[in-house]
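These notes concern the structure reproduced below.
Read-outs: derived from the displayed coordinates by stated rules, not from any lab. Note that the structure is predicted; figures quoted are calculated from it, not measured. All Cβ positions, even for glycine, are placed from backbone atoms using ideal geometry, and neighbour counts span all protein chains on display.
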């Protein structure tokens with residue numbers, strides 16, 4: 001292995017060690033990061049930190065989405081008009097604007113209804129008391145959808161799965 005081949009390989013290995021991919025821990029996100037180490041190394045420090053924590057936001061790449069959630073249950077391709085759903089658009093302007101090629105990545109997950117965090121202290125709230133007589137609610141099945149355009153997430157939505 002010459003020096004130009006060694007430097008990128010060393011960078012990928014270092015990134016995997018830093019994110020915990022190679023320490024043997026049962027870290028699902030870490031394992032996926034190791035599988036796409038080259039894409040992970042290209043991320044800036046803030047993006048790497050969010051991926052390790054499992055946080056995704058608009059503007060993230062499909063590689064980042066995959067590292068956090070893995071393979072989607074479904075990927076649907078669609079073509080939509082730039083002015084879809086808008087009224088009063090000149091037909092010539094509509095045709096000139098063109099269409100957008102989108103992918104929708106769909107995941108099904110069990111989510112804790114209290115996932116947003118514990119309730120803030122208030123006069124009626126006693127820390128620890130909410131679990132004494134009121135066990136936490138069971139997980140709720142949710143559908144998470146992420147809309148991507150050209151490999152970048154442009155929209156996301158979470159909703160409960162109907163019973």
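Details
- Gained length - residue 90 relative to residue 102, 0.36 nm times residue gap less alpha-carbon distance: 2.0 nm
- Label-point gap, in nm, between residue 110 and residue 39 - each point 7 angstrom along Cα→Cβ: 2.7 nm
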